[in-house]
1. Under a straight-distance cross-link criterion of Cα-Cα below 20 Å, which aspartates and glutamates are reachable from residue 80, leaving out those fewer than 8 residues away in the same chain?
2. Could you pull out the pairs from 56/128; 84/128; 84/130; 56/92; 36/84; 36/92 whose alpha carbons sit more than 24 Å apart here?
3. Under 13 Å from the Cβ of residue 133, count the other residues' Cβ atoms, weight Lys and Arg +1, Asp and Glu -1, and hand me the total.
4. Just subtract the alpha-carbon distance of residue 141 and residue 113 from 0.36 nm times their residue separation and send over the number in nm, one decimal.
5. Can you give me the distance in nm between label points at residue 32 and residue 80, each placed 7 Å from the Cα along the Cα-to-Cβ direction?
6. May I ask for the net charge around residue 39, where only other residues with Cβ less than 12 Å from the Cβ of residue 39 are counted and Lys, Arg are +1 while Asp, Glu are -1?
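Coordinate-derived values only; no laboratory data. If you're wondering where the values come from, they're calculated on a predicted model, not measured in any experiment. Here the Cβ positions follow ideal geometry from the backbone for every residue, glycine too, while neighbour counts run over all protein chains shown.
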Amino acid sequence: MKNFLCSLFFIFSLSSAWAHPQDGMSPEDLMHYYLKVFNDENLPALEEVYHFPHVKITNGKLTHIENKNTPVIDFEGLKKSGWKYSKINSVKILAEGANSALVEMVFSRFDKSDNEFFRSTTFYVLTKNKGYWQIISLSSVGTVAGVK
């Protein structure tokens, strides 16, 4: 019995060592996790949120990111815009299947004085290719806050 319990403990230890932060998350959970690691500027975690390859369409400009050699987020450029953190305004699951989902997320960017300076509606296509949700493409349309 002691050997059985030791074996069971060993197997549990190995499986939890391979556990992925996104395991068990719904598409909505993933979007909240995504924004948390985004605000933390956690590039390794962000690289796990994105599927490789993936595409981004921002204001009509297509960017194809083949592998992790290209940073998924340009934090230096973002900071030059005045960005300090982002906040979700709404998340809506538009469609969800067993291995893919379409999500609409409206988010805002804020500066160090907590002023909203950017708002975007972004559509994310998620895939469950590795057993957990990842972003495979996104398309966004943003506006500067206060400008119509």
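1. 40, 41, 111, 114, 116
2. Pairs exceeding the cut-off: 84/128; 84/130.
3. -3
4. That works out to 7.7 nm of additional length.
5. So the label points at residue 32 and residue 80 sit 3.5 nm apart.
6. +2
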